[in-house]
Every structure is written in C-alpha cells, then in structure tokens.
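Below is one structure; the comments refer to it alone.
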Amino acid sequence: MKEIRKYLLVLICILLISENSYYIFAADNKKIENVIDEKVEKPNLVFEEQTYDFGRIYIGESVNHGFKFKNIGVGELVINNVKSSCGCTAALVSKNKLLKDEEGQVDVKFNAGHYVGKVTKSVIVNSNDPENLKYKLIITGEVIEEVSVSPKRINFGIIRRGDSCTKSIEIKIVPELKIEVKKVESPNPYVTITQNKISEENKYSYFVTINKYDYIGKFNGIVFIYSSSNKQERIDVPFSGEVVGDLTFYPENLYFGSFKKGQDVKKTIIINFVNKEVKIEKIETEPSNINYIVSELNNTGTKKIDVNLSKDTTVGKITGSLKIYTNSVIQPVINIPINGEIKG
Amino acid sequence: MKMYFGCLIIVTFIFISTKIYGSATDLLIIFSGEELGNLEPCGCFEGQIGGISRRYALIDSFRKQKKIILPVSLGDLTKSSGRQEVIKMEILCCALERMDYILHNLGEKDLEVGPQLISYLSQTNKIAFLSSNVQITSPFPTKINKYVLKEYVDSKNSFKIAFLGILSKSFFNNNISDFVNIIEPIKALELLVKQLHDKANLIILLSHAPLGESIEIAKLFPEIGLIITGHGIEEPKDSITYVNNTAIVSSGTGGKYIGVAEYSINNKLAPLYAKVFTKSKSVEIIPLDNKYKDSLEMVSLLKDYQQMLMDEDLLSKTPQMPLLNGLSYVGNLTCGTCHKLVYDHWSKTQHGVSYNTLVNKGHQYDPECIRCHTTGYGFISGFLNYENNQNLINVGCESCHGAGSEHVKNVSNVYGVTDESICDMCHDNEHSPEFQFKGYWERIKHPKEFLKKLPKP
C-alpha cells in the first residue's frame, strides 16, 4: 500500500511540475537558438529616415519622395514587397535583393487629389530582416486650398412650401497669391446670391437664398464660384434641401427586392403630418394583392403603413403602387411606386 | 497518511479549477464602422478586402461555433448626402439587421444623410440607434437610445453589458446643425457612466471621435472596459492602444476589417468577482479577404441595390456640371473619323472595353463606378446613360485629352496635350494601387499619326 502511495505522490508531482518544466526547457532551447542565430548571417535593413514631412502643398498637387535604405547586416536582404496605405503609391526603385552595404530606395508618391487637411500616410516595407519584417515609413504633411470655401456643401434643411431660406458661404484666399473671386452664380432660377460686404482682406462672404420654391420634395443644385486661381478656376458648391407641404412620407419608392414565393416580407411607409389638420381619407393599392395595415406611431400623430404581399402572389416581377388620398389641398394624392421580384 | 491527504487536496483543487474554467462562456464583441458607403469591393483589382458579404460569412462562422456574439456598429455607414447614399444607408442597415447587429452608434455622416431617413430607420429597423450625446430636434420622430443594456442569463447567473455611444463635437459641421444638438461627450458620459457602473458588469463605449479624444475619455473613465473608436484610421491593426485596463480599438475605414474582442464569461465566478469578466482575453482585427466566401444572402441584397439604382435611373439624375470655356464632348466615333489608326488601337485596349467590365459585373447603373468607365460622366454633354450616349461609353479619347468640340470646329487648334495627372483621377490608390505611369502608359500608348491637312470649308 505504501508503495502505491509513493508512486501516486510521484505521479502527481510529475504532473504538477510538467507544465513549468516545459517553460524551463523551452527557455533553455531559446538560449541555444539565440546562440545559433548569432552565428547565422542576418540582413539588417536601415532607412536614412522613417518619416518625411512634406510641409504644405496645394490641392491637386502631388509629392514624390525617395526613402533611402541600406543593408548593414551580413546576410542578403530581400525586400519582398512594398505596400502603401490609401492615397499614396509606393515602389521599390532599386533591386529587391541587396548584399551587405548595398543601398536602395523606395519611392513614395502622394497625390493630394481633392483631399484637403492634415495627412499621414504609411508605407510598409516587407523584408527578411528578422528585426524589421514590416518596416513602416510615414509621409506626412498638410494639403491646403488656394481658395477655400466653407461650407463645402449647403444644406438648406427642411423648408415649408412658399417660405424662403438663406445660408451664407465664406470664401478665403491665401493672401500672398493675390487671387480674385470673379463671379458666384447658380443656374437654379429659385436661387439668388448676394455679396455680404465684410472688412476682412482676402475673405469674401455671400448669402445664398432659396426663394419660395413651389415644388414639394427634395431639391438640389450647385453654386459655382469662379476665381482667378489656376488650380481652382471653378469651385462647385452643391446644395440640397427639402420643401415640405402638409405632409411628408418615406420612402418615396417601396422596394421589396427579390425574395422567394411564400416568404413573408413586410415594408413600412411612415407619414408625418406637418399640417395637423390633414388626415388620410383612403388608401388604394394596385394590384389588389398588395395588403396594408395603418397604425399610429407611438402616439406621435405620425402614421405607419405596413405593406406586404399576399402569399398567393405569382412568381415574377412586382410592379404596382400605393395611393394615399388626403384632405390636403396641396397634396391630395400621394403615389408610392412598388417594385420587387418573387422567385420560384 | 498526511502526505496522502495532501496529495488528495492538490488533486481536488486541480479538478475544481478545471471545472470552473471549463464552464466559461465565450462572448464576442464584434465591431465595425466607417463603411463610408463601401458595400463590397468594387472589383477594380484582385486582392481587395472588405464588403458586407464576407462580413456576413465571418460573423456566421462565429455563430456556428455557438459563441455569444454581439455585433455593434460605430457609425458613418455612408460618406455624404444624396440619393445614392440614402439607398446605401438603407441597404447597409438591412444588412446589419440580417447579421444580428444589436446597435448602431450615430456618426456625423449618418446625420448628414438627413433627418427623415434617420427617423425612418430608427423606427423601422430592429437595430437600436445609439447616441449618448446627440439630440435630434427634427420634426420627424426619432428613436435614439442614450445607452443600450444587454443582459444574458443562464441557469444560475446573469451578466450585463452597457453600451454607450458618443459623437465628437469636432465633427460637428454646418450640414447637420439644423436639427442636431451635440452635448459635450464628457459631460454626457459623466452621468451615464455613474448610472451604469453598478448596473453592468462591463461598460463598452462606441466613441465616434479621433483616437486622441478617445484616449482622454479612457483616462477620465476607468470604469469603461472597452472603447471602440477611430476616425480615419487606415491601419486598425497598428492602432490598438491600452489606457490602464481599457483597450481602445478600431476596425478602420471602408468596412475592410472587422474587430473582435473576446471575453470569457465565467458564470460561476462572475457574481463574486465581477471584474474577472470585464477583462478581455484578446482583441483581433480581421481583414475581410477572400478567405471568407461571399454569403448568398448578402449577394442577393447587393443585387437588390444594383436593381434599385437601375429602377430609379440614378445615372440620369446625377447633376451635370458645365464644362469650362463652353466646351462639349463629341464622342469616340467622331474622333475615329479622322484618327482611324488611333481609334482602332484604342478599341483593343482596356480603356476601349472598360464599359463592358462594368456590364459583366452588373455595375453599369452605378454612378460611382460609371464615372471612370465612360467619358465625361457628370458633365453637360458627357455620358448620361447607355440609351442616349453609346458614343461615350468606355474611357474614350476625351477622357484623357479633354472635350473636343472646339477641336472638331477648328482642327488647327492646339488640342490634346495631357499629362499623367489625368490618370490619377481614376487610377488612385483605392482603385488601382499597382498603378505606375510608365508601365501602364505602355499598355495604352497609341501609334503616331500623320494626318493630311483637311481642306478649309
């Protein structure tokens, strides 16, 4: 019995120390590996600089920079590839295998395009240098505009039918470039633009007014700013907004997408009443296999219409509409097209 | 005998420990954000990563492992306003819903899409819209949650996770000011963190803010266990930061990566040592590469998206800008009338068949794609749709040399001088990362022509 106890004890001790012993042996093995490693000829990739700050450039310009490197190790350096982050391209211009003390270069090009603001882009150089398998190069700087416009797009928001709405735009010019704003205009007949005289030099301000738009729904357009800048001869400032009548609805088109026959697919329309006197009088659907249920959304007065298709609807394209009749004088009927496809 | 009992105690302890740790449940916080309208890799080059289709496959693989998954969205599903962005937002919200996302934190780009859409989606989508510091004052009723508390209950215990979401004031701009009021994030968080600290085992913040601001928040609120952040972080793998025990992580931009923070929930220990639960086992940022097969459900949704673009004829509805100096496009065939040799050469290049590459992919109704596969799209007299402008399909002569109306009127005019900056308009890093002018020029370089002088009319 004593023998069995002894063996049991030994077995448990072995089990307990086995996990720790793994680390002890592993650590020893690592030491041995390191000693061997030191004898192996390793490459060593060294760049002259890791970061290049291009300072300031103007919109549309591009910057080229060569990052010089050297293999100061003993072994052959192999550059597997060079990968860049969005907005810049990079290429290895020298050969990809370099012996001891050989030099090479990675060319990086950053193209500002339409980008404006501070920028930091990175390029990863993948090599066989065990200490720098992925070497990160950074190109940083700022892209500025000769002519900067704020805001970049005008949002008129929600306007009641018949109302007007005015927003302002500011144009700033880089002082030393002596650029002039020649003209600010919009081809939209409902838009008027007037200059707001301000005392600051190299700064212009304009009021853009949307006047009594009759049309109910979303509108958009562009304000053109012409300047004497060669890089920014014309700056386009898009504008958008929505003229609302007595009620608004979403979505304007009801898409069921494509789905299998028998699948229960429900779509929802939400109707908001701007004029609280307005009521839904009746709803018609075309074809008749389009079903709907009207309910009120959390006691807000807003109506919710859940729309679905009868299960017996035949396979093929769905083309129909849902018509909402109201007591509104300006929006007596709302037509919402319905599209989709039932697959077999 | 004493030794025997000692050993018995040790064995029992090992057995109990194994049992306890063996009962741990894995919980995965799956995070994504800043899709900026990228529904799928556009297909311009091999090796593109991202897309909802691969994301679905990845999430589904976790689901099949029977792990508890909580997918959350940081914000900025789209990148600007306009009808195409609205459609994209609807499609993305539908995709998130099908992937069982529990919440979407509002980013400034989401707000720019418009109050009516936000109202609609917040009322009809199963995903909770979250923002602890954004107040929407539009006339459209909008359901925004200040926080989301999720509770998981098993046979013996329960654990709770509180999600908070903020939008940095630095992203506030004129396009969203009309209907949005943004409270200082720290002020909004002070109250809520205090309120939720005792209610939840773990507080997670979706911080739609620059990394620096999120780090400051982590310092001020050590109660927050995980901060999902990032704005413009292109390499999320390199950006994982720790402030004390709080991990600050990002899934990057463009929907290319998915972040996964893994937690081991020890049902037996959690009530006694709640903090055990709050420490994440690991955070992984996974690139959505072709290792993940496209999911059929998302492929079908993407087809619906293209169908919507076609049904609405969005191509024809895009505003057309006037060309400078009153110029207009004349089309490839007009150029080919005189420059036959060049035209024949061009028609055999990739530029000459670029429209077909879109048709083969089913993207020929997508205004975002069509711009670089046709001539003059977005300008008056440029390509508008196939029915009316078959002479302007493909990357034609005027795509590189400019609109040719004046040249046609007066052939002696200096026309056609161009440089490689024109190439960059389409061959950017996002769509053509391998582009090098020298090599690519060789692929399209057309033969020189010696044209006879035309008689004066």
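Ordering A:Pro189, A:Ile171, A:Phe219 by the projection of their Cα atoms onto the charge dipole of region A:147-244, which places +1 on the Cβ of Lys and Arg and -1 on the Cβ of Asp and Glu, puts A:Phe219 at the extreme positive end. Karplus-based coupling profile of region B:303-318, in residue order and whole Hz: 5, 4, 4, 5, 5, 5, 4, 6, 4, 7, 6, 5, 4, 6, 8, 5, with θ = phi - 60° in 6.51 cos²θ - 1.76 cosθ + 1.60 and x standing for Gly or Pro.
Amide hydrogen proximity for B:Asp26: with H placed 1.01 Å from N in the peptide plane, the residues at 5 or more positions away or on another chain lying under 5 Å are B:Ile68, B:Ile265.
Return the whole-Å distance between the Cα centroid of region A:273-344 and the Cα centroid of region A:155-233. If you average the Cα positions of each part, the centres end up 39 Å apart. For region A:212-325, a crude dipole built from +1 on the beta carbon of Lys and Arg and -1 on the beta carbon of Asp and Glu, taken about the Cα centre, is about 320 debye to the nearest 20. Helix content alone sets the calculated 222 nm mean residue ellipticity of chain A: runs of n ≥ 4 DSSP H residues at -39500 (n - 2.57) each, divided across all residues, give -4000 deg cm²/dmol.
Using a basic spin-label model with each label point 7 Å from the Cα along Cα→Cβ, how many nm lie between B:Glu284 and B:Ser347? So the label points at B:Glu284 and B:Ser347 sit 5.3 nm apart. Farthest towards the positive end of the charge dipole of region B:23-304, among the residues B:Asn181, B:Gly254, B:Ile203, is the Cα of B:Ile203, using unit charges on the Cβ of Lys, Arg, Asp and Glu.
Determine, from the Cβ-Cβ distance of A:Lys343 and A:Ser295 and an R0 of 35 Å, the FRET efficiency 1/(1 + (r/R0)^6), rounded to the nearest 0.05. The pair A:Lys343/A:Ser295 has a calculated efficiency of 0.75.
Under a crude label model (7 Å from the Cα following the beta-carbon direction), how far is A:Val78 from A:Glu142 in nanometres? It is 4.5 nm.
Only Cα pairs under 8 Å and 6+ residues apart enter the sum, and on that basis the relative contact order of chain B stands at 15 percent.
Chain A: longest stretch without exposed trypsin sites (Lys or Arg not before Pro) (DSSP loop, at most 13 other Cβ within 10 Å), sites themselves excluded?
Longest gap between qualifying sites, sites excluded: A:1-94.
Annotation: lysines with alpha-carbon distance below 18 angstrom to A:Lys182 (same-chain offsets under eight excluded): A:Lys172, A:Lys197, A:Lys203, A:Lys231. For chymotrypsin sites (Phe, Trp or Tyr not before Pro), the sites in region A:163-224 that DSSP calls loop and that have at most 14 other Cβ atoms within 10 Å are A:Tyr215.
Within the protein assembly as shown, DSSP assigns beta bridges of which about 75% are antiparallel (rounded to the nearest 5).
If you average the sequence gap of Cα pairs under 8 Å that are 6 or more apart and divide by the length of chain A, what percent do you get for the contact order?
In percent, rounded to a whole number, it is 11.
Here the Karplus curve 6.51 cos²θ - 1.76 cosθ + 1.60, taken at θ = phi - 60°, turns the phi angles of region A:314-329 into couplings of 6, 5, x, 6, 9, 9, x, 7, 10, 10, 10, 9, 10, 8, 6, 6 Hz, with x standing for Gly and Pro.
Going through the cross-link list A:Lys95/B:Lys293; B:Lys169/B:Lys219; A:Lys343/B:Lys64; A:Lys152/A:Lys267; A:Lys343/B:Lys256, which pairs have a Cα-Cα distance over 30 Å in this structure? Kindly include the intermediate steps, with their values, before the conclusion.
Working: A:Lys95/B:Lys293 37 Å; B:Lys169/B:Lys219 19 Å; A:Lys343/B:Lys64 28 Å; A:Lys152/A:Lys267 35 Å; A:Lys343/B:Lys256 32 Å.
Those over the limit are A:Lys95/B:Lys293; A:Lys152/A:Lys267; A:Lys343/B:Lys256.
Only the Cβ atoms of Lys and Arg (+1) and of Asp and Glu (-1) were treated as charged; on that basis the dipole of chain B about its Cα centre amounts to roughly 1180 debye. For the protein assembly as shown, a simple Cβ point-charge model (Lys and Arg +1, Asp and Glu -1, everything else neutral) yields a dipole of about 1680 debye relative to the Cα centre. Along the axis of the charge dipole computed for chain A (Cβ charges of +1 for Lys and Arg, -1 for Asp and Glu, origin at the Cα centre), the listed residues A:Leu137, A:Tyr250, A:Ile57 are led at the positive end by A:Tyr250. Across region A:289-299, computed HN-Hα scalar couplings (Karplus, 6.51 cos²θ - 1.76 cosθ + 1.60, θ = phi - 60°) run 7, 8, 9, 8, 10, 9, 9, 9, 8, 6, 6 Hz from first to last residue, x flagging Gly and Pro.
Rule-based calculations on the coordinates, nothing more; no lab input. Computed from a predicted structure; not experimentally measured. Note that each Cβ is placed from the backbone with ideal geometry, even for glycine, and that neighbours are counted across all protein chains shown.
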